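Chemist: My questions will all concern the structure given below.
The values are calculated or read from the model by the stated rules, or taken from the named source; none is laboratory data. Keep in mind the model is a prediction, meaning the values are calculated, not measured. So basically every Cβ, Gly included, is an ideal-geometry build from the backbone, and we count neighbours across all protein chains shown. Calculation scope for accessible area: heavy atoms of the full protein, side chains included, ligands and nucleic acids excluded. Shrake-Rupley method; radii C 1.70, N 1.55, O 1.52, S 1.80 Å.
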Amino acid sequence: MAANNAVLNRLEQKGAEADQVIEYLKQQVALLKEKAILQASLREEKKLRVENAKLKKEIEGLKQELIQAEIRNGVKHIPLSSSGTISTASFSEDLPQSIPVTSSSGPKDEIKGGSEEKKKKEKAEKKGEKKEKKQQPPAAGSDDSRPMDVSRLDLRVGCIITAKNHPDADSLYVEEVDVGEANPRTVVSGLVKHVPLEQMQKRMVILLCNLKPAKMRGVVSQAMVMCASSPEKVEILAPPRGAVPGERITFEGFSGEPDKELNPKKKIWEQIQPDLHTNDQCIATYKGVPFEVKGKGVCRAQTMASSGIK
């Protein structure tokens, strides 16, 4: 019985010691938590200080940019010295430099300074608005907003009514061409070395009709005859049978009205022309899409396959 009591006493003692250990551990855990929270707070504070310094630097930079912009626009600035006096450097012609003007001259100066700040802000806002207007995209209907593709070209079926040698150039023909308008167009073509004069008469052709008229050895040319071309050979493109003068050449997937006149400064023709070719069946194409007269068929060269077109 005495032995059992001794065992119980030891167990109670051990239990009390265990409770003390548990309480100590709880205290340590609480201390660790507080320490972790403190460290996190310190890290956050450090991070905020870094961000604050960065923002201050950015604000100072923006202020300097604003000051420089206003100086360029003719606004005079009166820099404040660290002692609170206003520098009179910018007024050296009117006031002696030895007389400092303090900033504690009363509410009038404060009102004046506030109005100057307001004017600065208004000028900066107006300048920003002007910059935004300059950066606005072109209007939807303007030439700059249109895609640079074959839909910009006014390609039509034409019929050469007459053709003759140019009076002042051995390598040029002068043609009168019906393009479906009230009067025929005069066209100058450098085809003398490639097409006999008799084959030019009453011939159906494809014409680019919205190039800016250009004088060629004294004769104004109002369109261009489209041809398959290589360094060795040139062939006039032919419209499909049944096509009549004035019918438009169309391209599937490239809809839209052509420009009234191609602007030479924008080099529109020069950018589109490299994608004009005949395919392996001599069919004239733009990026692989055939020159087509709706309901009549496609345009083609006689024999020249895989050649450029111009």
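Chemist: Could you tell me the accessible area of residue 24 in Å² (1.4 Å probe, neighbours in place), rounded to the nearest ten?
Modeler: The accessible area of residue 24 comes to roughly 130 Å².
Chemist: Using the beta-carbon distance between residue 54 and residue 117 and R0 = 22 Å, what value does 1/(1 + (r/R0)^6) give for FRET efficiency, to the nearest 0.05? It would help to have the intermediate numbers written out before the result.
Modeler: Numbers: r = 24 Å, r/R0 = 1.11.
The value I calculate is 0.35.
Chemist: A further question on this structure: Give me the distance between the Cα centres of region 251-276 and region 1-59, rounded to whole Å.
Modeler: 78 Å
Chemist: In whole percent, how big is the carbon plus sulfur part of the accessible area of region 136-259, probe 1.4 Å, protein atoms only?
Modeler: Numbers: 3210 of 6290 Å².
Percent of accessible area from carbon and sulfur atoms in region 136-259: 51.
Chemist: Which value, in Å² rounded to 10, gives the accessible area of residue 257 with a 1.4 Å probe and all protein chains present?
Modeler: 130 Å²
Chemist: Quick check: net charge around residue 184, other residues with Cβ under 10 Å of its Cβ, Lys/Arg +1 and Asp/Glu -1? Present the calculation step by step, with values, prior to reporting the outcome.
Modeler: On the way: positive: 185; negative: 175, 176, 178, 181.
Net charge in that neighbourhood comes out at -3.
Chemist: Straight-line reach from residue 26: which aspartates and glutamates fall under 20 Å, measuring Cα to Cα and dropping same-chain residues less than 8 apart?
Modeler: Excluding near neighbours in sequence, the set is 17, 34.
Chemist: Then there is this: Can you compute the modelled spin-label distance between residue 126 and residue 37, with each label point 7 Å from Cα toward Cβ, in nm?
Modeler: Simple spin-label model gives 5.7 nm for this pair.
Chemist: List nothing, just return the count: lysine pairs in region 213-310, 8 or more apart or interchain, with Cα separation under 27 Å.
Modeler: Count of close lysine pairs: 23.
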